[in-house]
Amino acid sequence: REDEGIADIKLGRGGIIDIEFLTQYLLIKNGRAHSEIRVPNTYLALQALNKAGLLSDEDGSALRGGYRFLRLVENRLRIGNAQSINIFLKTKHAMDMLARRMNFVDDMDGSANAKLLAQFEQNTESVREVYEKIVAANE
């Protein structure tokens, strides 16, 4: 569902589903030997996996940061649209509204829209790198 004009925060590459799938994969793989990682919350599970040494500090930070950012985007989209929504259009109007809700501003460093899109891409790329590294290592 993603293309140049649409970003899918849930199902897109490096999105929420990638984080949740990877977290569940690691919990299932390691939960028997590490009871301390068995927690029902994705964010807390990522912290527990990191603390147990099953997820590196760098990978854990990328996944937790990506998860926080994507959930915030999802929350702002839902508030702005008064309904459950997991995609945002990369049109000027839609990006203006989302950037404003996310507290991005135009300044000497660039436009609010460009900063929002850059942060979105940075987070989703980091998440996908970790996802691919861990899945590839366990094939």
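See the values below:
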| read-out | value |
| --- | --- |
| Heavy-atom accessible surface of the chain: percent carbon and sulfur, 1.4 Å | 51 percent |
| Amide H contacts of residue 6 (H built 1.01 Å from N, under 5 Å, at least 5 apart or other chain) | 90 |
| Unsatisfied cross-links (Cα-Cα over 30 Å) in the set 10/51; 10/115; 51/115; 29/90 | 51/115; 29/90 |
| The range 1-96 - accessible surface per residue (Å², probe 1.4 Å) | 56 Å² |
| Separation between Cα centres of the range 35-90 and the range 10-30, rounded to whole Å | 10 Å |
| Peptides 121-133, 89-101 ordered by average Cβ neighbours within 10 Å, highest first | 121-133, 89-101 |
| Value of Rg/Rh across the chain [Cα atoms, Kirkwood radius] | 1.02 |
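The values are calculated or read from the model by the stated rules, or taken from the named source; none is laboratory data. Here the structure is a predicted model, which means the values were calculated and not measured. Methodologically, a virtual Cβ is constructed for each residue, glycine included, from the backbone with ideal geometry; neighbour enumeration extends over all protein chains shown. These accessible areas exclude ligands, DNA and RNA; they are computed on the full protein's heavy atoms, side chains included. Shrake-Rupley method; radii C 1.70, N 1.55, O 1.52, S 1.80 Å.
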